[in-house]
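The values are calculated or read from the model by the stated rules, or taken from the named source; none is laboratory data. Quick caveat, the model's predicted, so the values are computed rather than measured. Cβ: placed from backbone, ideal geometry, glycine included. Neighbour counts: every protein chain shown.
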Amino acid sequence: MQQTHSSRSGPAEGEQVPVLSLSHAAKTFGPVVALADGTIHIEAGEIHALVGENGAGKSTLVKILAGLHHPDSGDFQVAGQSVQFRNVAESKDAGISVIYQEPTLFPDLSVAENIFIGRQPKGRFGLISKATMVREARKLFERLGVPIDPTRIAEGLSIADQQIIEIAKAISLDAKVLVMDEPTAALSGVEVERLFSVARSLRDRGTGILFISHRFDEVFDLCDRITVMRDGRYISTHRTADVTVEQIVREMVGRDIGALFPKTPAEIGDVVLKVDGLSRAGVFRDISFEVRAGEIVALAGLVGAGRTEVARAVFGIDPYDAGDITFDGRKLRPRNPQVTITAGMGFVPEDRRKQGLVMDLSVARNVTLTLRNKYTTAGLINGGAERRAAQEWSKRLQVKTGSQEYAVSTLSGGNQQKVVLAKWLATDPRLLIIDEPTRGIDVGTKSEVHRLISDLAGRGIAILMISSELPEVLGMADRVLVMREGRITAELDRADANPESVMHAATSSAGGTL
Amino acid sequence: MSETTSTTSTAPAPVADNTKPLASEPKGRTGAARILMGRDAVTIYALIAFLIYAAIAIPRFASPVTTGFLLLDVIPVLLIAMPMTLIIITGDIDLSVASTAGLTSALMGVLWAGGTDIWLALAISLLAGIAAGMFNGFLIAVLGLPSLAVTIGTLALFRGLALVIIGDNAVANFPKALTAFFTSKIGGTGIPTVMIGVVVVMVFFGVLLHFTPFGRGLYAMGYSKEAASFVGINVARSKFWLYVGSGAVSALAGIYWTLRYTSARSDNASGLELAVIAAVLLGGVSIFGGKGSIPGVIAGVLLIGTLNYALRLARVSDVVLITVTGLLLILSVVAPSIGSAIRQWRHTRRVRRSFTRKAT
Amino acid sequence: MSSALDHKNATTPAPDAGARGAVASLLRMRELPVLIALALLVLVTYLINPLFLTAQGVKDLLLNATIIMILAVGQTLLIITRNIDLSVGSMLGLVAFGTGSLFSAMPDVPIIAVFVIGMAFGALLGAVNGALVTLAKVPALVITLGTLYVYRGLNNAWAGGKQYFAGDRPEEFGALSVNTFLGFPVITLLAIVVVIAVAIYMSGTRPGRDLYAIGSDPDAATAFGIKVSKRVFLAFLANGALAGLAGVLYASRFNSVGATTGTGMELTVVAAAVVGGVAIFGGSGSVTGAALGAVLLTTITSSLTALRVDKFWQQAIVGVLILTAIIIDRVASLRTAKKLRISEARNV
Amino acid sequence: MMLNRKNKGRTGRLGSMVAITAVAALALTACNSGSASSTDTSSPSAGGGDQKITFIPKQLNNPYTDVVLGGGKKGATEAGFASSQVVGPLEASASSQVSFINAETQAGTNVIAIAANDPDAVCTALGEARSAGAKIVAFDSDTNPDCRDIFISQVVAKDVALIQTKLISEQIGGSGEIAILSATANATNQNEWIKYMEEELASNPAYKDIKLVAKVYGDDNDTKSFQEAQGLMQAHPNLKGIISPTTVGIAATARYLSTSAYKGKVALTGLGLPNEMRPFVKDGTVKEFALWDPAQLGYVAAFAGKALKDGKITGAEGDTFTAGELGERKVEKGGLVIVGPPTVFNAENIDKYNF
C-alpha cells in the first residue's frame, strides 16, 4: 500500500498564499470523533477535489468551512488571515459559499427570492426591487442554461432543480471559495456538463472551488488537485495529472475492498417479494423485480433516482398509481404498513432519528414498538414480557447500552442502528428493506452491521438493501438493481456487478473512467 | 402540531448532525429514577407540597368539605384534560373542547325544555359531542388540516351552534333528583358521587395511554409521524379516534356542567379550553408531543384547582390567582430550558477555552 | 470554456411570460377570495338594507374593523414566523387602561406623546413575550398563554374597580375616532397607514423577507445565517407595539377602559389572520390579507344586524369561514403539488 | 408554530419544582399580608360577636358594583359585623360565583350577600350555605326566591320600569319606535323591568304611538354594548329612542351616539351612574336618566343580613328592621325589601351627585 503521508504538504507551488487553508482541524461530538485531522488548502483559480468514503469526515469539514461547526482545535485561514467563524453569516461574509448535498430552500418563497434572500437587490426608496431580482435570477438561469421560472415558489421543485437554484445562489454571491458537496448527485448528464462549464469559468475568474464527489470520472475530468481523507484524517494531496484512479481508491479505502464485507454465501430460496409494474406519476415508473429468501438484492443508483420512494411504496407508506406487489404469494393492499408488517416485512429507514426510532423512548420500548400487539394480555401491554423480549434482542445484536431503560438518544449511531434492526428482527420478518444500512456509522460498527445483514440472509431472510456506497453494494449484494430517474436501468448478477457497470447504469453520462 | 405541509426535501441537513449534540447531554435514567425525577413527578411533588402548606397555613382547608367543593370545581377540567393529554402527546391540539361542552349543554337544555325524556336528552347530547369530535377528526385526520387552525374554527362554530340552538335563554328546571345527584357526596368522605364516573374516565385514559399498544403508538406519533407510520401505526385513524374521544368527554363535561349548575346556557364552560391546556402543560406534557403522563396531568389539574380553592378560601382576590396560574405555566416550560441553556453555555465556553489553548 | 458566464443563447423564458404571469399571480393571490367574499357580503347587505352604506354606516363599518385590523397585522408578523401571541387582548387592555391613567394624571399631555408612550408600553410587553420565547426557546403558544393570564392579572390589580371614561380624556383625543377625512375616520386612516407600512416592510425589505424565510423553514434559516432569534424577538416587539397602538385607539373610541378591556380578543385576531389566508404554520400569507380578514369578520357582525338576521348565527358563520379558509388553502396546495408532480413526470 | 423542537432538556427539574412551590408560597404570603378586597373592621361593636358578612357581586371591578359595595361595607361596620369581605369572579358568567359561595360556606361566613348572575346556577351552592347556617341576602339581582332569605331591591321594580318609559316618552314626544339595550339576557332585575315596560307600553293609552321594535343585549360589556347600539341604528332607521336599563349599556350607547351622526336625533335614557353620564348630559346626548343611590343598596343589605342572623326577622312579609341612618324598612311580599325611590338626573342637578 502506498504511503503518501504528505500531511504537511501545503500548496505544492509554495509562493502563492492559498485562498482557504485549514490545518489539523479536529472536531468531536461527545465520545464520537468526527474529524481528527482536517487539512485542506485551496488556491484561487483551482478546482480542488475532496474524496473519501462516507464517514471519512468530509461533511464535518464542510460544516466547519461553512461556519456551522466550530472546530475544537486547528488552524483556519482565509486569504492568509486567521479566522474563527461563529456562525454561517461570518463564513459567508468571508467569501465562502457552500452548496450542500441536500438543498435547503425555503419552500414558501419564490425561486428568485431563494437565490437572493438576505441580499435582495434594492430599488427605489431602498425597497427590494422584485423586478430586478427576477431579472437577475433569470440571467443566472440563462447562464446555467436551465428554464426555471424565477417567480414560482420553491415548494414542489425536483431535487435537481433545487440543486440548480443552490448553484445559482452561490454563483450570484461571487464567492472567493465555492464549496460543492456532491452537487452532481442528482443531476443528469447534460446538467452536469453545464455545471462543469460554469465551474471552469468561475475558476478562470480566480474562484477557488472545493468539489466533493463520489464519481471519479467527474473528479478526474474537472479537478486540478485531489485531497484524500480517510477515517477523519487527511491522507494526501495530489495533482490530478500525477495519479491514477486506482491509487486514489487505495488511499481512500486503506484496505482491500473484498475483505471489508464478510458476505457469506446463503442458500437462495423461493420468491418472497414480487413487484410488478409499479408506477407513481413523477416519482418512479414501471418498476418490476423479485427478491428471494436468503437473497440480498441491492437497489443502487444516485440520490434522487427514486430508490427510497419505491421501497416506501412497497412497504405501504406512500401510495402508487399502478402495479402490483405480491408478498409470499399474496397481493398486498397499498398504503397499509400495518398489514405489510403483519405479513412479515420490515423496513429499516434511512433517517434513523426521524423515521427509524422514537429517540425519547427507551431502548426497550423502541425494540417492542413494532410488536405493540404481541406482548399483550387482554389488550394490555405485558410489561414483563415486553422487557424480556427487548432484553433478548438487544443481547443478540450486542447493543451497547447501560440499561434497557435508557433513552435511545443516548446511544451511538451504530448502536441506534442495531436497535432499529432489533426492532424488526423481533417481528420475525420474511423480508427486510434496509435503506442506507451504514449511513453515519463509524467504521468499526459498520462491518458489524454488514455481518449482521449477511447472517440474516444466511438464515433465509430476504433482504432488499438500498445503498449509495458502491463498495457496500458490490460487497454485499447477490443481485444489483440500478435505478436512474425513476426507472430500473440494469439488473446485474453478483458476477456482472462491478463499479463500471453499476455507475454506467446509474448515470447516463457513460462513467467508464473507473 | 409538528407537521409541515412542505413537500420539498427540507431535511435539516446541515444543522442536525447524526452524532450527539452535547457531551453533557443527560444520561438516560433507569425506571425508578425516571418516575421519581420525571417532569410529571415535579408537578406531583409541587401538589403535595402545596397541599401540606395549605393544610397548615389556611384555616379550615383540611376538611372533607374542601375535598367535595374542590373536586366539584375541577371535574370539568379533569375530564377534558384526559383526551387532551393524549392529543397533545401526539403533537396536536383541540381548542374546541369548551365549545363542544357548551353545545352539549345548550342541546340538552332545549331538548329537556321541549319535553324530551331526560335520559333520551342525555343520550342525544352525548351523541352530539361525539359527532362534534368526528367532525374535528374528519378535518384533521382525513383531510390533513392543521389541528390548531381547525379547532380555532370549530371553537367558534360549536359555540355559535350552541347560540343558535338555545339563544339567550337558559333552561333551569331539570329533574331535582338528577341535579341533587350531581352535587351529592359519598357518605361522609366529602367526595362527590360523580367522581366515581370521573375516575372511570381517568382510569380508562390512563390505561389506554400507558398500557395499550394504541397508547404506545401515540408517543411515537408525537415524536415523529414518519417513525410512527414506519412501525405500522395508522396515524390518521389514531388521530380520528382521539378527536372522537375528545368530543365524547367534552360532552360529558357539558352534561356535568349543566346539571351541577342546574343551568343550560350557550355560554357554559366558555374559556375552559385555556384552563385545560394550561393544566395539561403544567402536568408535564410537552406541547411538542411525545412526552407526558396521565398521573402528571391529574396532578397538574389538581394543583391549579387546589391553588384556586385555597386562595379563595383565604379570600385572595382572583387577580392574584390568574397571575399565579400564568406564572406557573411560564415557569413550568421555561425552567428546564434555562437549565439546559446554562449547560449549553458552559459547554461552549469549555470548548472555546480548549480551542484557544490549543491554537496558541 | 470561459464563455460560459457570458453565454446568452440558452433557453430564455418567453418574454410575454411576464404579462401572463401577472394575471396568473393575481388569480393565485390568496387575498382574492377574501376580497370577493367581502364585496359580496357588502353588496348583498346593501341591496337588502340600503342604510348599510350610508355615510354613518360606512364609518361604523370602518371603525369596527380598525382595532382588530391593527392587531391582525401584528399577529400576522408572528404567525408568518411560526409563532403566535395569545396575549394581545391582555396587552391591549393594559395599554388602554394605561392611556386612561395617563390622561388622568397629566390631562395636558400631548396626544402624540400618548401614542408614543402607549406603543412603547405595548412594545415592552411584547418584548417580554419575545424574550421568553427566544431566550428560553419554548413554544410561543405556551408562553403567551401564560402571559395572557399574567397581563390580565396585572391589569386587574392595577385597575381594580377603577374605570376611566371618555369624559376623562381630552375631546381632541376622542375626536380621532369621530372625525373623518375623505369619509374615512381618522383612526381608520391610521390603521390603513399601518397596514400599508407593514405590508411594504414585509414584501419590500430584507428583514421582512427574512421573517417569511424563518417561518418557511426555521432550520434552513439558521443554516443560512439568518438571525432567527433576533428577528422573532423583534416580531414580538412589533406585535406588542401594534397592540399598544390598538390599546390607545381603543381608549379613543370606546367609553370606558378598565380591568377587563380587551378580554377574549385573541381568538378573533388569530381567526382574522387565518381567514385572511395566513398559513398557521408560517411562511406564507400577507398582512393585507389579514387586514381584509379582520374587515370581513367585523363586517359580518354588522351585516347580520343590518339584515336583522338572528345575531346568534354570527359566531357559527365565523367558524364556518375559518374552516373554509383553511380548506381553500389545502385544496389549492394539493392541486399545485399534483400539477407540479405531473408536469415533472412529463419532463422525465 | 411551536416547532422549535430544539430544546428538549429534561433536567432542571428540581429547579423548576422549587421555583413552582416558591411561587405558590409567595403568592400566599402576598395575599395573607395585603389582600385588596379584605378589610377587617376595626371595632366590632357590641352584640355583633364575631359575625362575618361577605358580599359576592356579579363581577369584581365594575364601577356600579364598587359604589354598592362601598355602601355595603359601611353598613356592615355600622350594623356590627366583626368583619366584611368582598369576593367575586372577574367575569360575570353564570357559574363563576358558585365556587366563591362554596368557599364562603366552608369559611363559616354568617351572612352571604349576593347579586346573582343567574338565578338558578347559584341555587344549589346557596342551599348548602344555608344548611351550614348562613343567611342569604340577595341584592341588586335576585336569585330564585327559594334560595335566599331576603331580596334587597333598589326600588319597586314597576317604578323603575315606569320612570324609564315616562322619560323616553317625554324625550321622543310620545310617538315613534324605541328599542331596549339591556345587560345579559338572563339578568333577573333587567328582565323584570323590561316585562313591566312592555306591559306599560301596551296598556297605557298615553304610549299607544310608541312601538318597541327591538331588545338587544350588550352583556354589560362596553365594546359589545357599543356595537349593539350601532346595530340598532342600522337595523331600525326610524328609531327615535333607546332605553338602556343598565349602567354599562347606557354609557356605551351614549358614547356611540355622541360620536355619531345620531347625536341629538335619537333619544337615550335608562339607568346610569351620574359620574359616567355627566359628559353626555352636558353635551346634550342624554337629557335625563334615572338611578337610585347604589350605596344605599349595599347599606340596607348589610343591615338586613344582620337582622336575619340575629333572628330579629325571618324574611317573612311584614317583618321590619332598622337600617341605620336610613331608618326602618319593611319586608314585603316575597321577601322583598325596597330601598328607595329612583332619582332623575339632568343637566341641572347632576353636579350635585358624586357616585
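Put simply, of A:411, A:369, A:357 the only residue that is facing chain B (nearest Cβ under 10 Å) and in contact with a Ser or Thr (Cβ under 6 Å, 6 or more places away or on another chain) is A:411. Does residue A:288 satisfy the condition of being touching a residue at least 24 places away in the same chain (Cβ under 8 Å), closer than 29 Å to residue A:156 by Cα and among the hydroxyl-bearing types (Ser, Thr, Tyr)? The answer is yes for residue A:288. Which of the residues spanning the range B:228-249 are crowded, with 24+ Cβ neighbours inside 10 Å, within 19 Å of residue B:285 (Cβ to Cβ) and within 14 Å of chain A (Cβ to nearest Cβ)? Within the range B:228-249, B:228 is the sole residue that qualifies.
Of these, B:352, B:312, which one is part of a helix (DSSP H, G or I), more than 8 Å from chain D (Cβ to nearest Cβ) and modelled with pLDDT under 90?
On inspection, the qualifying residue turns out to be B:352.
Keeping to the range C:145-165, report how many residues are at positive phi and touching a helix residue (DSSP H, G or I) at 6+ places or on another chain (Cβ under 7 Å).
Filtering the range C:145-165 for residues at positive phi gives C:160.
Filter again for touching a helix residue (DSSP H, G or I) at 6+ places or on another chain (Cβ under 7 Å), leaving none.
Here the count works out to 0.
State whether the residues of the range A:217-235 include one that is within 30 Å of residue A:494 (Cα to Cα) and either aromatic (Phe, Trp, Tyr) or modelled with pLDDT under 80 (or both). Lay out the reasoning, then the answer.
Within the range A:217-235, the first condition is being within 30 Å of residue A:494 (Cα to Cα), and the residues that meet it are A:217-221, A:228-231.
Checking which are either aromatic (Phe, Trp, Tyr) or modelled with pLDDT under 80 (or both) leaves us with A:217, A:220.
The answer is yes, given that some residue of the range A:217-235 is within 30 Å of residue A:494 (Cα to Cα) and either aromatic (Phe, Trp, Tyr) or modelled with pLDDT under 80 (or both).
Within the option set A:328, A:321, A:351, being in contact with a Lys or Arg (Cβ under 6 Å, 6 or more places away or on another chain) and either over 25 Å from residue B:285 (Cβ atoms) or surrounded by fewer than 23 Cβ atoms within 10 Å (Cβ to Cβ) (or both) holds for one residue only, A:321.
Is it fair to say residue B:202 is assigned by TED's automatic domain parsing to the domain that holds residue B:249, modelled with pLDDT of 90 or more and farther than 21 Å from residue A:358 by Cα? Steps first, please.
Values: assigned by TED's automatic domain parsing to the domain that holds residue B:249: yes; modelled with pLDDT of 90 or more: yes; farther than 21 Å from residue A:358 by Cα: yes.
The answer is yes for residue B:202.
Can you find a residue that is touching a helix residue (DSSP H, G or I) at 6+ places or on another chain (Cβ under 9 Å), assigned to a helix (DSSP H, G or I) and within 7 Å of chain A (Cβ to nearest Cβ) anywhere in the range B:250-258? Taking every residue of the range B:250-258 in turn, none turns out to be touching a helix residue (DSSP H, G or I) at 6+ places or on another chain (Cβ under 9 Å), assigned to a helix (DSSP H, G or I) and within 7 Å of chain A (Cβ to nearest Cβ).
Of all residues in the range C:150-203, those satisfying the criterion of being touching a residue at least 24 places away in the same chain (Cβ under 8 Å) and hydroxyl-bearing (Ser, Thr, Tyr) are C:151, C:164, C:177, C:180, C:188, C:203.
Within the range C:181-207, restricting attention to residues that are within 14 Å of chain D (Cβ to nearest Cβ) and farther than 19 Å from residue C:74 by Cβ, the residue that is surrounded by the fewest Cβ atoms within 10 Å (Cβ to Cβ) is C:183.
Just checking, which of C:248, C:309 is of a type in the set (A, V, I, L, M), assigned to a loop (DSSP other than H, G, I, E, B) and touching a Ser or Thr at 6+ places or on another chain (Cβ under 9 Å)?
On the way: C:248 fails: assigned to a loop (DSSP other than H, G, I, E, B).
Every option except C:309 fails the conditions.
Would a scan of the range A:21-32 turn up a residue that is in a loop (DSSP other than H, G, I, E, B), at pLDDT below 90 and crowded, with 20+ Cβ neighbours inside 10 Å? Looking through the range A:21-32, none of the residues is in a loop (DSSP other than H, G, I, E, B), at pLDDT below 90 and crowded, with 20+ Cβ neighbours inside 10 Å.
Taking the range D:96-136 as the range and being in contact (Cβ under 8 Å) with a residue 60 or more places away in the chain and within 9 Å of another protein chain (Cβ to nearest Cβ) as the test, the residues that pass are D:118, D:119. Here residue A:109 fulfils each of the conditions (1) farther than 25 Å from residue A:210 by Cβ; (2) out of contact with any Ser or Thr (no Cβ under 9 Å at 6 or more places or on another chain); (3) at the interface with another protein chain (Cβ under 8 Å from one of its Cβ atoms) apart from (2). The single condition from (1) buried (at least 24 other Cβ atoms within 10 Å of the Cβ); (2) without any contact (Cβ under 8 Å) to a residue 60 or more places away in the chain that residue C:304 fails is (1). Among the residues making up the range B:158-181, a single one is in contact with a strand residue (DSSP E or B) (Cβ under 8 Å, 6 or more places away or on another chain) and assigned to a helix (DSSP H, G or I): B:166. Say whether the condition of being more than 18 Å from residue D:167 (Cα to Cα), touching a residue at least 40 places away in the same chain (Cβ under 8 Å), more than 14 Å from chain C (Cβ to nearest Cβ) and not in a helix (DSSP H, G or I) is met by at least one residue in the range D:288-307. Yes: the range D:288-307 contains one or more residues that are more than 18 Å from residue D:167 (Cα to Cα), touching a residue at least 40 places away in the same chain (Cβ under 8 Å), more than 14 Å from chain C (Cβ to nearest Cβ) and not in a helix (DSSP H, G or I).
When each of A:230, A:194, A:203 is tested for being within 22 Å of the chain's Cα centre (by Cα), of a type in the set (Lys, Arg) and crowded, with 20+ Cβ neighbours inside 10 Å, the lone residue that passes is A:230.
Do we have residue C:243 as hydrophobic (A, V, I, L, M, F, W, C), in contact with a Leu (Cβ under 8 Å, 6 or more places away or on another chain) and either under 25 Å from residue C:169 (Cβ atoms) or in a loop (DSSP other than H, G, I, E, B) (or both) here? Give the steps one after another, and end with the answer.
On the way: hydrophobic (A, V, I, L, M, F, W, C): yes; in contact with a Leu (Cβ under 8 Å, 6 or more places away or on another chain): yes; either under 25 Å from residue C:169 (Cβ atoms) or in a loop (DSSP other than H, G, I, E, B) (or both): yes.
For residue C:243, the condition - hydrophobic (A, V, I, L, M, F, W, C), in contact with a Leu (Cβ under 8 Å, 6 or more places away or on another chain) and either under 25 Å from residue C:169 (Cβ atoms) or in a loop (DSSP other than H, G, I, E, B) (or both) - is met.
Of all positions in the range C:238-248, none carries a residue that is of a type in the set (A, V, I, L, M, F, W, C), in contact (Cβ under 8 Å) with a residue 60 or more places away in the chain and in contact with a strand residue (DSSP E or B) (Cβ under 8 Å, 6 or more places away or on another chain). Taken over the range D:246-282, the criterion of being surrounded by fewer than 24 Cβ atoms within 10 Å (Cβ to Cβ), assigned to a loop (DSSP other than H, G, I, E, B) and of a type outside the set (A, V, I, L, M) is satisfied by D:260, D:262, D:263, D:264, D:265.
With the condition kept exactly as written, say whether any residue in the range A:60-68 is among the basic types (Lys, Arg), touching a residue at least 60 places away in the same chain (Cβ under 8 Å) and closer than 22 Å to residue A:252 by Cβ.
Going residue by residue through the range A:60-68, those that are among the basic types (Lys, Arg) are A:63.
Filter again for touching a residue at least 60 places away in the same chain (Cβ under 8 Å), leaving none.
No, the conditions are met nowhere in the range A:60-68.
Tell me which residues, restricted to the range B:126-157, are surrounded by fewer than 21 Cβ atoms within 10 Å (Cβ to Cβ) and not aliphatic (A, V, I, L, M). Once the filter is applied, which keeps residues that are surrounded by fewer than 21 Cβ atoms within 10 Å (Cβ to Cβ) and not aliphatic (A, V, I, L, M), the range B:126-157 yields B:135, B:138, B:144.
Filtering the range D:130-157 to residues that are crowded, with 24+ Cβ neighbours inside 10 Å, closer than 19 Å to residue B:263 by Cβ and of a type in the set (A, V, I, L, M) leaves only D:138.
Please state which one of B:141, B:128, B:123 is in a helix (DSSP H, G or I) and either closer than 27 Å to residue C:311 by Cβ or β-branched (Val, Ile, Thr) (or both). Break it down stepwise before answering.
On the way: B:141 fails: either closer than 27 Å to residue C:311 by Cβ or β-branched (Val, Ile, Thr) (or both); B:123 fails: either closer than 27 Å to residue C:311 by Cβ or β-branched (Val, Ile, Thr) (or both).
None of the other options fit; the residue is B:128.
Given the options C:138, C:178, name the one that is at pLDDT below 90, away from chain B (no Cβ under 14 Å) and not in a helix (DSSP H, G or I). Write out each step before concluding.
Details: C:138 fails: away from chain B (no Cβ under 14 Å).
Result: C:178 is the single residue among C:138, C:178 that is at pLDDT below 90, away from chain B (no Cβ under 14 Å) and not in a helix (DSSP H, G or I).
Residue C:260 meets the conditions (1) at pLDDT below 85; (2) more than 14 Å from chain B (Cβ to nearest Cβ); (3) on the phi < 0 side of the Ramachandran plot in every case but one. The failed one is (2). Inside the range A:410-438, residues that are within 21 Å of the chain's Cα centre (by Cα) and surrounded by fewer than 18 Cβ atoms within 10 Å (Cβ to Cβ) make up a count of 0.
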